[in-house]
Every structure is written in structure tokens, then in C-alpha cells.
1. Within the stretch 105-147, which residues are farther than 25 Å from residue 16 by Cα, modelled with pLDDT of 95 or more and part of a loop (DSSP other than H, G, I, E, B)?
2. Which residues, counting only those in the stretch 77-98, are in contact (Cβ under 8 Å) with a residue 12 or more places away in the chain and more than 14 Å from ligand 2 (Cβ to nearest atom)?
3. With the requirement that a residue be more than 11 Å from ligand 2 (Cβ to nearest atom) and in contact with a helix residue (DSSP H, G or I) (Cβ under 7 Å, 6 or more places away or on another chain), what does the stretch 99-122 give you?
4. If you take the residues in the stretch 3-40 that are part of a helix (DSSP H, G or I) and loosely packed, with under 13 Cβ neighbours inside 10 Å, which one is farthest from the chain's Cα centre (by Cα)?
5. Please work out which one of (1) free of Cβ contacts under 8 Å to residues at least 12 places away in the same chain; (2) in a helix (DSSP H, G or I) is the condition residue 48 fails and give its number.
6. Being over 19 Å from residue 116 (Cα atoms), under 18 Å from the mean Cα position of the chain (by Cα) and outside any strand (DSSP E or B) is the filter here, so list the residues in the stretch 64-96 that pass it.
7. Quick check on this structure: which one of 103, 135 is surrounded by 12 or more Cβ atoms within 10 Å (Cβ to Cβ) and either farther than 20 Å from residue 30 by Cα or more than 12 Å from ligand 1 (Cβ to nearest atom) (or both)?
8. Out of the residues in the stretch 37-50 that are away from ligand 1 (no atom under 16 Å from the Cβ) and touching a helix residue (DSSP H, G or I) at 6+ places or on another chain (Cβ under 8 Å), state the one that is farthest from residue 105 (Cα to Cα).
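The values are calculated or read from the model by the stated rules, or taken from the named source; none is laboratory data. Model, not experiment: these values are computed from the prediction. We place every Cβ from the backbone using ideal geometry, glycine too, and count neighbours over all the protein chains shown.
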Ligand SMILES: Nc1ncnc2c1ncn2[C@@H]1O[C@H](COP(=O)(O)OP(=O)(O)OP(=O)(O)O)[C@@H](O)[C@H]1O
Ligand SMILES: [Mg+2]
């Protein structure tokens, strides 16, 4: 038995007003699909941090949610300027956040750390043309049975 679910969201750069709206919709969707609360919590934390990164650090991009059988995939893609040094970017407290994003409450340098801690698997690749962040979450066997 296989199941499939897909949703795509556009993420606009510097749009502080709508920042987090894709993640809110993903959370709502997972609740409707009756995904377990502990998993919704982890997905929400990672999704929100990753979405904000696209808003405040990139030229804009998108996120795709896929659920295939009992694995949930999130893929964030943006069109640059990329991350110079991924190892450095992953360090707790490291940030290049602008003044305006700090004023909006971002820039603690903890987003990527929290994403890594929340996701079951994380792959981050980046060059000046863009960044791709792939996250994987393993659902419980009883989760998302509605889409099967
Ligand atoms: N999509 C992206 N495009 C370009 N640079 C990024 C992107 N995501 C992260 N970065 C870089 O990695 C750094 C660390 O990201 P991280 O999310 O950990 O912290 P932050 O966004 O600066 O602050 P916080 O997430 O705590 O609000 C950022 O400051 C930025 O330099
Ligand atoms: Mg961040």
C-alpha cells in the first residue's frame, strides 16, 4: 500500500508580514492528516526556522511538502546568494542576520541548530545560485493513514 501527498508554497524574500505562513499551513495540514502531536511539533519547529531563513537570508524561494508512505519530506529551495561556509553557519550563535531582521526578532544564530535537532535527517547544499535544505521525518505507523 502506498500513499502520496504534495503541497508547494512560495516564500517571498524580506516579507516579514507573511513570514511563517507556509509553516502554519503545513502544521494545519498535518493536524488534518492526524499526524501525531510530537511529530507535528518537530516538523513545525524545523519548518518555521527554515522558512524564516529563506525570508531573511535569501532572494526568495519555495518549500515542498511530500508525504510518501510514512515518511514526510520538506524541501526548501531558494535562488541565492547561498551560504559561504556551511560548517560555520551550523555553529550555534553564528549569524549574518541584518539589522532589520534582528529588529523583527531573528538572528540568534540558532535556526540551523534547531532544524538539525528536530529533523530525523537533514541535507544542506549551497552555492551562490541557491541553497537546498532537505529534511526527512519518520512518521509513526498510524500517522497520515487518511492519505493511504
Ligand atoms: N537560505 C539561506 N540562504 C543564505 N544564507 C543562509 C540561509 N540559511 C541560513 N543562512 C546563513 O546561515 C546563518 C545561520 O543560520 P541560522 O538559521 O542558524 O541563524 P540565523 O537565521 O542567523 O538566526 P536565527 O535562526 O536564530 O533567527 C545565517 O545567519 C546565514 O548567514
Ligand atoms: Mg535562522
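1. 120, 139
2. Those that are in contact (Cβ under 8 Å) with a residue 12 or more places away in the chain and more than 14 Å from ligand 2 (Cβ to nearest atom): 77, 79, 80, 81, 82.
3. Those that are more than 11 Å from ligand 2 (Cβ to nearest atom) and in contact with a helix residue (DSSP H, G or I) (Cβ under 7 Å, 6 or more places away or on another chain): 118, 119, 122.
4. Across the stretch 3-40, the extreme among qualifying residues is 32.
5. So the condition that residue 48 fails would be (1).
6. 79, 80, 81
7. From the options 103, 135, the qualifying one is 135.
8. Within the stretch 37-50, the match that is farthest from residue 105 (Cα to Cα) is 39.
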